[in-house]
C-alpha cells in the first residue's frame, strides 16, 4: 500500500523544500494525524530525506531525491558548495525542471492485531496545517510526541517506535514472557529488492538504498543486560527474525535501527556529534 504516489509537480515544491530540506537533520518526532494526511496514517515523522508514516498494522516510507532537492535549492538561491555545479545551474537556470522525484514503499506486519496505539513523551509545541482552500482538510493543534507504542500488535508482543539520540529512528519489538517471536513477519511492498549483507537488511528502491542495521537483541536477567543472537531471514518479500539461545520466560527486546540512505550534507552548515562504522564499512554520522 502506498500513501503517496510518485510526485513531480511544481506546485508543492516550495513546501517540500521547507518541510524536507529544512528539517533534513532535525530531531525525529511523531506528529499526530488530525486529517491533514491520508486517514490510514496515525502519526508521521520526518526521517532522513523522506517521511515515515505509522499505520494500523505497519508503516510507509516516502523518499525524496536528495539530488533533486539540492538542485532546486541551488537554482533558486544561485549557490552551491560545488563551483562547477553552481556555474552549470547559473547557465541553465531557466531550463532545469522544478521537479522532485519521490517513491514510497510499505511494510505490513502480517497477521497483526488491531493494537492499542499509545503516544508518549509529548513536546510542548503543536503543528498546524492550513493547506489549500478546503477548510475541512485543515488541521490545527496537532500534538507531537517522541515515542509511540502499539500494545499487543501480536499476542504478548508490543511494538514501540521512538527516537535515539535525537536523530535515529528506531522501533522495538517487546516480546513478553511466553510470547512467540516467530509470529512477527514484515511484508515489504514497493521495493526493487531486499537482501541481507553483513547482517544488515538492505532495501533498494528507484531512488537509492536504505538499510536496517543488525537487530540489537537482548534480555535483562538478574539486573544485567544479556545480548541475544538475532538475525534477519527473508522469504520472498517477507522478513522475519531468527533468534537463538534466549530465555522464553524473560522479556525479549528486538531492536532494529533504520538508516535512510547513506549520504551526509545539506545546503547549510552541519556538525557531526557522534559517528560509527557499519559492519559493511559504511560510515554513519549523527548530525
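Where a number appears in this text, it was derived from the coordinates with a stated rule and is not lab data. These numbers were taken from a predicted model, which means no experiment stands behind them. No Cβ is skipped: glycine too gets one built from the backbone with ideal geometry, and neighbour counts run over all protein chains shown.
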Q. Once the Cβ-Cβ distance between residue 121 and residue 40 is put in as r, and R0 is 25 Å, what FRET efficiency do you end up with, to the nearest 0.05?
A. 0.55
Q. Please report, for the Cα atoms of region 136-263, the Rg to one decimal and the Dmax as a whole number; what are they, in angstrom?
A. 16.3, 54
